[in-house]
Amino acid sequence: MSMPIKIRCRQCKEVVNAPDRARGKAIRCPKCKSPVRVPKGKKGEGTAEQTPADDESFFSTLDLKNAEDTRARLCPKCATEVSKEDLTCPTCHVNLDTGVVSSRMQKRLKRRGPNPTLFYGAAWKDSWRFMWDNQRLALQTWMVTSVITAMQLGLIFLTFWIVVTFLPGKQGPEQSGGDEEGKSEVPLLSELLKDQGYNIHNGLMALLYMVVAGWVWHLCTKVIQTTLARKTRAKRVSFQFIDAGAIGVKAYVWPIIYSAPVLIVALPLVILINAGIGGFTDPVKTRAALTSVPALIVYGIMGTLLLLTVPTMMAHMSQKHTFKAWSMPLMMVTAAKNIVPTLYLGLVSLVMLILPIAMIGAGFAITEFVLKQRGLFREPQFIAWWELRHFEGVSSGSLSTIAFPWKTIGAYFGTVVIAGLFASYALVFISRAIGLFVYYFQQRLDLVVRTLPGQLAGFWTRTAAFLVDSFIIGLIGWIFEPVELWKLNEKGKLASVLIAGLIVFLCSQYGIGTGLMYGYVCLLPLCGFVYFTRSESTKEQATLGKEAVGIMVSGPEGQRLTFAQAGKRSVLKILLFPGWIMAGLTPQKQAAHDIAAKTLVVFRGDLDRD
């Protein structure tokens with residue numbers, strides 16, 4: 001009587017009972033349905049009818065050379081089954097021929113991230129493929145730029161038309177009713193636009209292109225985040241005029257705060273050098289020429305540093321915690337550690353910008369040599385108001401002979417539209433290249449992934465917050481702090497009334513313009529004191545600048561400060577301001593005023609912020 005043969009399935013490791021007649025054939029595993037080969041043998045082997053002598057000689061008759069499965073290739077170290085094409089084990093990474101881990105593999109395992117050497121090829125190939133797969137981003141950018149430019153030129157034409165059509169001609173004394181009466185009249189809109197139109201349009205231009213700057217900033221960070229997620233297609237990025245303008249404010253403020261630490265050192269140095277040059281040179285022209293050299297050197301160095309640190313800055317701006325991106329010294333150190341890929345990114349960007357620059361050059365050549373017009377590289381409001389420089393108004397019953405500079409303005413718009421199309425594609429390409437730079441070199445960029453509640457805030461984090469607060473106080477704080485004081489209590493209302501009375505008194509004594517300037521100078525220290533005291537004693541325990549970087553002020557045990565404690569800290573900050581540098585030297589990262597006031601500056605932490 002034959003016995004069933006027990007075989008183990010190589011796929012699911014299930015033991016399969018095969019009949020004796022299946023020897024040399026393949027059967028299907030009842031569990032995973034994969035074929036299982038039944039070994040050959042004589043039928044009747046393994047039957048129950050065996051003599052004791054056969055039982056004793058069973059192991060001596062086994063042929064062990066056929067026990068090994070020669071069809072499977074195993075790793076000599078971990079016994080993982082590998083394919084014939086593999087050179088190294090995918091599990092333990094040993095060389096399948098030598099049985100040891102190669103030095104190159106050891107270096108790769110210690111790296112804990114993607115291979116940085118792959119960046120230099122991916123910066124071209126991957127970025128090019130991403131640009132064509134996400135053309136809608138380039139077309140959106142082109143449409144935003146074109147529409148904003150059209151709005152700007154439309155406003156210029158409207159203002160030009162108002163001046164040319166409604167500005168009255170000069171009248172004699174008998175018609176104007178005397179000089180004194182004419183001076184007391186409120187100027188007409190056309191007169192105001194004629195005199196101040198250029199400055200007004202400069203302000204409007206800054207506001208309109210703030211939207212473009214915000215959109216470019218937002219697009220670049222989104223592309224970097226998409227690259228870090230290892231995706232080839234970006235999610236739909238919708239354009240919102242107000243949101244883009246709000247981000248544009250950050251794009252405008254960032255260079256000021258970013259370069260402030262360097263300018264604080266560089267500007268006094270330039271002034272001292274200029275003073276020395278002025279003392280040793282007599283001719284006015286020679287003195288003017290020499291004194292401009294230090295300023296040009298400083299501006300050149302600042303521009304170079306800004307360009308070199310842009311990739312590392314955008315890497316940090318695309319993260320949840322962006323406070324390092326507001327400190328030029330920190331970004332300079334990080335850029336120095338990644339100087340080779342940074343310079344390579346500069347080369348990639350320069351190559352991609354060749355075509356847009358060529359389009360601008362072609363527009364200039366057409367304007368200068370074909371249309372015989374000048375001024376393409378000047379702002380369009382300058383071109384329009386240059387035509388109005390000798391315009392004195394239109395007499396009653398006559399027509400103006402001043403024509404709008406259609407050719408130059410049209411050439412300007414055409415150049416922006418055509419060059420903007422190529423520049424939009426280049427922007428998507430460069431943004432992807434920066435994203436690849438962040439992905440491949442993320443271990444060397446010192447990115448802040450998360451912060452812990454109560455983690456001490458360092459010198460540069462606090463400096464970035466202080467610069468943001470200083471900008472807010474200097475720009476709008478002297479206007480809004482009296483309003484915030486009014487909301488506090490009766491004493492706050494009294495302080496607000498006194499501030500308003502001081503402004504009214506100064507304006508009545510020195511005029512509106514001079515009075516407001518004197519009031520600004522007088523109120524700036526007071527508003528700064530109130531701003532820091534009020535903000536750090538609220539439940540947020542932070543000013544707007546501190547909230548932006550995720551830090552707050554607390555007592556030694558993490559408790560909230562009272563208004564009196566926050567006021568004491570603000571006074572000590574003014575008195576002990578040079579001791580600010582101690583925040584980077586003490587174990588608790590306390591400045592001199594923190595030690596005196598017994599306070600700490602700590603991170604909120606990701607959980608608290610969420």
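Restricting attention to segment 346-367, report how many residues are over 18 Å from A433 (Cβ atoms), modelled with pLDDT of 90 or more and surrounded by 15 or more Cβ atoms within 10 Å (Cβ to Cβ).
2
Restrict the check to segment 539-557 and report whether at least one residue is at positive phi, surrounded by 15 or more Cβ atoms within 10 Å (Cβ to Cβ) and free of Cβ contacts under 8 Å to residues at least 40 places away in the same chain. Full working, then the answer.
The first filter runs over segment 539-557 and keeps only residues at positive phi, leaving 541, 550.
Those still in the list that are surrounded by 15 or more Cβ atoms within 10 Å (Cβ to Cβ) too: 541, 550.
When the remaining residues are screened for being free of Cβ contacts under 8 Å to residues at least 40 places away in the same chain, the result is 541.
There is at least one residue in segment 539-557 that is at positive phi, surrounded by 15 or more Cβ atoms within 10 Å (Cβ to Cβ) and free of Cβ contacts under 8 Å to residues at least 40 places away in the same chain.
Can you go through P294, P311, P261 and tell me which one is modelled with pLDDT under 85 and under 21 Å from K250 (Cα atoms)?
P261
Let me confirm something: among L506, L585, L561, which residue is within 24 Å of P482 (Cβ to Cβ) and either surrounded by fewer than 19 Cβ atoms within 10 Å (Cβ to Cβ) or out of contact with any strand residue (DSSP E or B) (no Cβ under 8 Å at 6 or more places or on another chain) (or both)?
L506
Could you name every one of the helices (runs of 4 or more DSSP H) located completely within segment 371-488 that has at least 3 residues being under 30 Å from I264 (Cα atoms)?
Details: elements: 380-387, 406-440, 459-472, 478-488.
Those helices (runs of 4 or more DSSP H) span 459-472, 478-488.
Given the options F382, F323, name the one that is over 16 Å from the mean Cα position of the chain (by Cα) and in contact (Cβ under 8 Å) with a residue 60 or more places away in the chain.
F382
Restricting to segment 447-499, name every residue that is of a type in the set (A, V, I, L, M), under 24 Å from F577 (Cβ atoms) and in contact (Cβ under 8 Å) with a residue 60 or more places away in the chain.
Residues satisfying the conditions are L456, A457, A464, A465, L467, V468, I472.
State all residues of segment 218-229 that are in a helix (DSSP H, G or I) and either within 23 Å of F119 (Cβ to Cβ) or modelled with pLDDT under 90 (or both); if no residue qualifies, say none. Write out each step before concluding.
Taking segment 218-229 first, the residues in a helix (DSSP H, G or I) are 218-228.
Selection gives L219, C220, T221, K222, V223, I224, Q225, T226, T227, L228.
Can you find a residue in segment 571-590 that is touching a Ser or Thr at 6+ places or on another chain (Cβ under 7 Å) and on the phi < 0 side of the Ramachandran plot?
Taking segment 571-590 first, the residues touching a Ser or Thr at 6+ places or on another chain (Cβ under 7 Å) are none.
Checked segment 571-590: no residue is touching a Ser or Thr at 6+ places or on another chain (Cβ under 7 Å) and on the phi < 0 side of the Ramachandran plot.
If L607 passes every condition in (1) more than 27 Å from the chain's Cα centre (by Cα); (2) at pLDDT below 90; (3) not acidic (D, E) but one, which one does it miss?
(1)
Between a residue in segment 350-362 that is over 13 Å from V417 (Cα atoms) and in contact (Cβ under 8 Å) with a residue 12 or more places away in the chain and any residue that is among the aliphatic types (A, V, I, L, M) and surrounded by 13 or more Cβ atoms within 10 Å (Cβ to Cβ), which pairs come within a Cβ distance under 6 Å, given they are 6 or more apart or on different chains?
Qualifying pairs under 6 Å: M352/A426; M352/I430; L353/A426.
Kindly indicate whether any position in segment 332-340 is at pLDDT below 90 and under 23 Å from P268 (Cα atoms).
Taking segment 332-340 and keeping what is at pLDDT below 90, we get none.
Checking segment 332-340: not a single residue is at pLDDT below 90 and under 23 Å from P268 (Cα atoms).
What about Y440, is it at pLDDT 85 or above, buried (at least 18 other Cβ atoms within 10 Å of the Cβ) and within 30 Å of S327 (Cβ to Cβ)?
It is true that Y440 is at pLDDT 85 or above, buried (at least 18 other Cβ atoms within 10 Å of the Cβ) and within 30 Å of S327 (Cβ to Cβ).
Mind checking whether some residue in segment 450-466 is surrounded by fewer than 19 Cβ atoms within 10 Å (Cβ to Cβ) and aliphatic (A, V, I, L, M)?
Checked segment 450-466: at least one residue is surrounded by fewer than 19 Cβ atoms within 10 Å (Cβ to Cβ) and aliphatic (A, V, I, L, M).
What do you reckon, is L343 assigned by TED's automatic domain parsing to the domain that holds Q225, surrounded by fewer than 19 Cβ atoms within 10 Å (Cβ to Cβ), under 17 Å from V438 (Cα atoms) and modelled with pLDDT of 85 or more?
In short, yes.
Can you tell me which condition K546 does not meet? The list is (1) in contact with a strand residue (DSSP E or B) (Cβ under 8 Å, 6 or more places away or on another chain); (2) more than 20 Å from W460 (Cα to Cα); (3) among the basic types (K, R), and all the others hold.
The failed condition is (2).
The values are calculated or read from the model by the stated rules, or taken from the named source; none is laboratory data. In this text the structure is predicted, and so the values were computed from the model without any measurement. Note that we place each Cβ from the backbone using ideal geometry, even for glycine, and neighbour counts take in every protein chain shown.
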